[in-house]
Amino acid sequence: MRRDFDQLEKRRLRAATLLHRGLSQAEVARRVKVSRESVRRWWNQMAIQGGSSQALRKAGRAGRKPRMQAADLAKLEAILRAGPEQAGFPNALWTLERIGQVIREQFGVEYHPGHVWWILRKKLGWSCQRPVGRARERNEFAIRDWKENIWPVLKKKPKKSAESSSS
């Protein structure tokens, strides 16, 4: 579940307003439904800033900044759509290791194959596709003939039962 940073900021600013009105930290904690420790921490942050509630404004995005930007992801997707042969691989099969190698060569970023999968799934909206394993020598006509003519003859049929024993 994602955190709503705007909502969290509103809660902190509401707490600041209540603290400025002179309510106790315990009462503020009850009203904004947080722990007393959180209110104490917010109070200390405001005290450092001279009592300003600006100290409680949101800091921006959480977590580490992504190493690949939106333009990089668009370029990666174009490379993947062009196919593995265009990228210098011997056959038409993308693997996580191959995609990781392309990312490393094109963007200078090293990712674990599990993270490559996460990028494909969450950032690009791709899913796992397995190639259909069919022999080149496959003869569709012979297969259809076997299913329609030979198999029905070979297939065992249930024996016709005599009179039932329950009569």
Open item on the list: Between a residue in region 1-18 that is without any contact (Cβ under 8 Å) to a residue 60 or more places away in the chain and any residue that is of a type in the set (Phe, Trp, Tyr) and surrounded by 13 or more Cβ atoms within 10 Å (Cβ to Cβ), which pairs come within a Cβ distance under 8 Å, given they are 6 or more apart or on different chains?
Closed with: Arg12/Trp42; Ala15/Trp42; Ala16/Trp42
- [ ] Answer with yes or no whether Arg121 is surrounded by 10 or more Cβ atoms within 10 Å (Cβ to Cβ), within 30 Å of Ala70 (Cβ to Cβ) and in contact with a Pro (Cβ under 8 Å, 6 or more places away or on another chain).
- [x] no
Open item on the list: Take the conditions closer than 30 Å to Glu9 by Cβ, part of a loop (DSSP other than H, G, I, E, B) and out of contact with any strand residue (DSSP E or B) (no Cβ under 9 Å at 6 or more places or on another chain) and apply them to Gly51. Does it pass?
Closed with: yes
- [ ] Please go through region 64-101 and pick out each residue that is closer than 18 Å to Lys123 by Cα and either of a type in the set (Phe, Trp, Tyr) or touching a strand residue (DSSP E or B) at 6+ places or on another chain (Cβ under 8 Å) (or both).
- [x] Trp94
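Yes/no matrix, rows are residues, columns are (1) surrounded by 12 or more Cβ atoms within 10 Å (Cβ to Cβ); (2) touching a helix residue (DSSP H, G or I) at 6+ places or on another chain (Cβ under 9 Å); (3) over 15 Å from Leu76 (Cβ atoms):
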site: Ala87; (1), (2), (3): yes, yes, no
site: Ala92; (1), (2), (3): no, no, yes
site: Ile103; (1), (2), (3): yes, yes, no
site: Glu110; (1), (2), (3): no, yes, no
site: Gln129; (1), (2), (3): no, no, yes
site: Trp151; (1), (2), (3): no, no, yes
Open item on the list: List pairs: first residue in region 20-42 and closer than 14 Å to Leu8 by Cα, second residue of a type in the set (Phe, Trp, Tyr) anywhere in the structure, Cβ distance under 9 angstrom, at least six positions apart or on different chains.
Closed with: Val34/Trp42
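Where a number appears in this text, it was derived from the coordinates with a stated rule and is not lab data. Computed from a prediction, not measured in an experiment: that's the story for all the values here. Reconstructed Cβ throughout: ideal geometry from the backbone, glycine too, with neighbour counts over all protein chains shown.
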